[in-house]
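Below is one structure, written out as structure tokens; comments come after it.
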Amino acid sequence: MQNHCICTGLAAMRERIVGYDRQVPLLDGRLVSYVNLDNAASTPPLVDVVDAIERFLPYYSSVHRGTGFKSRLSTVAYDQAHEIIARFVNANLETQTVIFGKNTTEAINKLAHRLDLGRDDVVITTLLEHHSNDLPWRDHAQVVHVKATPEGRMDEADFDRKLAQHAGKVALVAVAGASNVTGFLQPIHRLARKAHAAGAQILVDAAQMAPHRAIDMKPDDDPAHLDFVVLSAHKMYAPFGTGALIGPKGVFLRDGPEYSGGGTVRVVTETEVYWADMPDRDEAGSPNVVGAVAMAVAAQVLMDVGMEHVAAHEEELVTYALRRLPEVPGMKIYGETDPARAGEKVGVIPWNLGQISHFLVAAILGYEGGIGVRSGCFCAHPYVVHLLGLDEAQVTAWRTQFLGGDKSNMPGMVRISFGCYNTTSDIDRLIEMLQRVARGDYKGEYRLEPSSGEYVPVGYRDALADYFLLES
Ligand SMILES: Cc1ncc(COP(=O)(O)O)c(C=O)c1O
């Protein structure tokens with residue numbers, strides 16, 4: 001298969017990905033190299049990250065409270081990790097802080113607890129959001145969703161209307177930098193200007209943006225600055241359990257943390273607590289130092305490669321995919337379909353193949369093509385329902401069935417998503433398999449498991465123990 005990619009600058013990235021050439025078994029017993037088109041869910045680790053961790057681990061020790069050499073070294077590495085993540089999003093550590101935690105979801109929940117929100121406050125979010133940037137706000141404020149256009153872009157006229165309608169009450173605008181379903185980029189700096197003019201702050205959920213585009217929080221006195229940014233390391237080639245929340249120190253210093261305990265204090269008496277400075281106050285307990293180091297190394301690699309090169313490479317992949325996918329009979333792409341507008345989104349493309357269940361297509365790609373994709377609603381139910389154009393009756397019928405324990409008819413799509421190491425030959429492999437699926441040329445007999453909605457090939461067992469299994 002020919003590799004049509006002309007982005008030679010990033011061709012070498014493939015070799016910097018752990019396991020990029022790993023062979024995986026197919027249903028018919030053959031082995032093929034795995035094609036990972038599920039990077040929006042989680043990316044594989046960079047070799048640079050694993051190498052750095054291997055070099056770091058012999059010196060790993062507790063941070064901040066130990067006096068031995070290893071503790072001193074680990075403390076400096078952990079502090080440096082904060083600085084590197086600040087640089088990655090162009091935050092100023094004089095006024096801002098980087099708080100490490102588990103992931104984007106935890107970071108948004110922390111912010112929802114730490115912002116001084118009341119029931120009268122409004123948080124404006126959009127229909128495009130991942131549940132993680134919607135549900136946490138519902139417990140703390142009145143949440144207003146900005147509509148999406150029919151093809152799935154944020155409806156900015158509706159944003160303006162809602163901002164005006166709730167004037168004086170909007171505490172926060174909470175938007176994804178890029179959608180995890182359609183890949184659409186949101187005009188975050190324009191929205192920031194509008195939010196600030198209305199007296200609100202802005203949070204950018206950069207989980208999906210961070211691996212694809214540069215993030216610039218801009219100086220505090222710039223009306224287009226971003227107040228808060230959250231991101232997950234496992235989506236930026238460092239899957240070691242870390243995420244980060246970056247925002248103004250002042251917001252966190254005015255109060256105690258939502259989790260208290262070791263590491264969060266300066267002085268404790270039997271009756272009083274004097275909280276630590278940032279970020280310690282909001283990083284309760286022993287931190288994930290290894291995860292933070294991994295995240296920092298990944299951020300450093302992305303900065304060294306240059307996010308503009310990553311963006312250019314991925315635009316080329318999206319252009320190529322949008323040209324080739326329609327060759328498959330029955331292909332229906334959601335969101336942007338025009339290859340000429342590939343630059344308006346990150347490398348995430350959702351689609352369906354005729355009337356074939358998205359669960360079944362994804363299963364065949366995995367079992368018979370060695371291609372990893374994701375299918376379903378991608379933790380963005382309202383947005384996917386909108387993109388599919390389902391009416392209330394269809395949604396109610398599906399919901400009732402689902403809540404009764406049967407996911408067989410769950411609506412959804414198949415999603416392919418690119419990392420900076422994918423090439424057009426990966427897309428060629430996908431198209432070749434989809435052509436087969438479209439003409440019914442696949443070997444397995446697939447049985448639907450109603451409780452999960454998944455299709456599994458009858459009579460086949462994954463030989464997982466030949467690859468990796470824990471002793472049990
Ligand atoms: C846009 C967006 N926000 C938030 C999340 C949640 O990220 P995490 O699972 O790392 O907390 C995701 C994960 O897919 C996402 O794509």
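Out of the strands (runs of 3 or more DSSP E) lying entirely within region 230-314, which hold 3 or more residues that are within 20 Å of the chain's Cα centre (by Cα)?
243-248
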*Qualifying positions in region 422-448 - part of a loop (DSSP other than H, G, I, E, B), in contact with a strand residue (DSSP E or B) (Cβ under 8 Å, 6 or more places away or on another chain) and within 30 Å of ALA207 (Cα to Cα)*: ASN422
*Where a residue in region 39-61 is without any contact (Cβ under 8 Å) to a residue 60 or more places away in the chain and its partner, wherever it lies, is open to solvent by less than 50 Å² (accessible area, probe 1.4 Å), with Cβ under 6 Å and at least six apart*: SER61/SER71; SER61/SER74
*Identify, by number, the condition in (1) in a loop (DSSP other than H, G, I, E, B); (2) open to solvent by 10 Å² or more (accessible area, probe 1.4 Å); (3) at pLDDT 95 or above that GLY419 doesn't meet.*
(2)
*Which one of the conditions (1) open to solvent by 50 Å² or more (accessible area, probe 1.4 Å); (2) more than 28 Å from GLN80 (Cα to Cα); (3) touching a residue at least 40 places away in the same chain (Cβ under 8 Å) does GLY183 fail to meet, given that it meets all the rest?*
(1)
*Within the set of pairs 6 or more residues apart or between chains, which connect a residue that is modelled with pLDDT of 95 or more inside region 3-29 to a residue that is open to solvent by 50 Å² or more (accessible area, probe 1.4 Å) and part of a helix (DSSP H, G or I) with Cβ atoms less than 6 Å apart?*
LEU27/TYR367
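I'd like to check something: does region 364-377 contain any residue that is open to solvent by 20 Å² or more (accessible area, probe 1.4 Å) and assigned to a helix (DSSP H, G or I)?
Step one: of region 364-377, the residues open to solvent by 20 Å² or more (accessible area, probe 1.4 Å) are 366-367, 373-375.
Next, only the ones that are assigned to a helix (DSSP H, G or I) stay: 366-367.
Checking region 364-377: at least one residue is open to solvent by 20 Å² or more (accessible area, probe 1.4 Å) and assigned to a helix (DSSP H, G or I).
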*Those residues that are away from the ligand (no atom under 16 Å from the Cβ) and open to solvent by less than 50 Å² (accessible area, probe 1.4 Å), I need them from region 217-249; list them, please.*
MET217, ASP222, ALA224, HIS225, ASP227, GLY247, PRO248
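Got at least one residue in region 52-62 being modelled with pLDDT of 95 or more, of a type in the set (D, E, K, R) and exposed (fewer than 15 other Cβ atoms within 10 Å of the Cβ)?
Within region 52-62, one or more residues are modelled with pLDDT of 95 or more, of a type in the set (D, E, K, R) and exposed (fewer than 15 other Cβ atoms within 10 Å of the Cβ).
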*Would you please list the contacts, defined by Cβ atoms under 6 Å and residues six or more apart or on different chains, that run from a residue in region 155-177 that is open to solvent by less than 60 Å² (accessible area, probe 1.4 Å) to a residue that is within 16 Å of the ligand (Cβ to nearest atom) and modelled with pLDDT under 95?*
none
*Is it fair to say VAL24 is assigned to a strand (DSSP E or B), open to solvent by 10 Å² or more (accessible area, probe 1.4 Å) and more than 16 Å from the ligand (Cβ to nearest atom)?*
yes
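Looking only at region 67-100, count how many residues are of a type in the set (S, T, N, Q) and open to solvent by 60 Å² or more (accessible area, probe 1.4 Å). Give the derivation first.
Narrowing region 67-100 to residues of a type in the set (S, T, N, Q): 67, 71, 74-75, 80, 90, 92, 95-97.
Still in the running and open to solvent by 60 Å² or more (accessible area, probe 1.4 Å): 67, 80, 90, 92.
Matching residues across region 67-100 total 4.
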_Looking at the structure I just gave you, is ALA192 more than 16 Å from the ligand (Cβ to nearest atom), touching a helix residue (DSSP H, G or I) at 6+ places or on another chain (Cβ under 7 Å) and not hydroxyl-bearing (Ser, Thr, Tyr)?_
no
_Being at pLDDT 95 or above, farther than 19 Å from SER417 by Cβ, away from the ligand (no atom under 16 Å from the Cβ) and not charged (D, E, K, R) is the requirement here; does VAL301 meet it?_
yes
*Failed condition for GLU327, given (1) more than 23 Å from ALA107 (Cα to Cα); (2) touching a helix residue (DSSP H, G or I) at 6+ places or on another chain (Cβ under 9 Å); (3) touching a residue at least 24 places away in the same chain (Cβ under 8 Å); (4) surrounded by 15 or more Cβ atoms within 10 Å (Cβ to Cβ), with all others met?*
(4)
*May I ask you to list the residues in region 197-207 that are of a type outside the set (A, V, I, L, M) and touching a His at 6+ places or on another chain (Cβ under 8 Å)?*
ASP205
*Quick check: anything in region 387-400 modelled with pLDDT under 95, open to solvent by less than 40 Å² (accessible area, probe 1.4 Å) and β-branched (Val, Ile, Thr)?*
yes
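The values are calculated or read from the model by the stated rules, or taken from the named source; none is laboratory data. On a predicted model such as this, the values are computed, not experimentally measured, just so you know. FYI the Cβ positions are ideal-geometry reconstructions off the backbone, even for glycines, and counts take in every protein chain you see. Accessible surface areas use protein heavy atoms only, side chains included; no ligands, DNA or RNA. Shrake-Rupley method; radii C 1.70, N 1.55, O 1.52, S 1.80 Å.
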